Amino acid sequence: MTSRSEAAAGGQGVKSENPSLDRTSLDRTIAEVTRVLLERLELQLDPAEIHADSEFFDDIGLDSAAVLDLVIGLEESFGIDFDIAGSDPEDFRSVRCLARYVESRR
């Protein structure tokens, strides 16, 4: 049985999703992760210096305690619960990785 979106895509089992909508949502989440990062951790960085692929440890210089504080701030901002123990450490590598994780928890 195929869903309507699959049927609209020719019934090939491929969902017809609008990637630009997903991209816009991810971009908004990246912007919010960056905002929380700067405000919660009181970083004295220009927001333009933080990019989607900025790595928390190598590029921004955070330690694990700072990342945990960021996670608490994101839980509050997005109203989600992180499953840190069940997460892949890669989810916490960069702004983009963390934004994708947030999107998956919504």
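Taken together, ALA65, ALA48, ALA52 contain a single residue that is of a type in the set (Gly, Ala, Ser) and surrounded by 14 or more Cβ atoms within 10 Å (Cβ to Cβ), which is ALA52. Answer yes or no as to whether ILE80 is buried (at least 17 other Cβ atoms within 10 Å of the Cβ) and β-branched (Val, Ile, Thr). Considered against the rule, which asks whether it is buried (at least 17 other Cβ atoms within 10 Å of the Cβ) and β-branched (Val, Ile, Thr), ILE80 comes out as no.
Where helices (runs of 4 or more DSSP H) fall wholly inside region 1-86, the ranges with 3 or more residues that are within 13 Å of ALA99 (Cα to Cα) and at pLDDT 85 or above are 19-40, 64-78.
The values are calculated or read from the model by the stated rules, or taken from the named source; none is laboratory data. On a predicted model such as this, the values are computed, not experimentally measured, just so you know. Cβ coordinates were reconstructed from backbone atoms using ideal geometry, including for glycine residues, and neighbour counts include every protein chain displayed.
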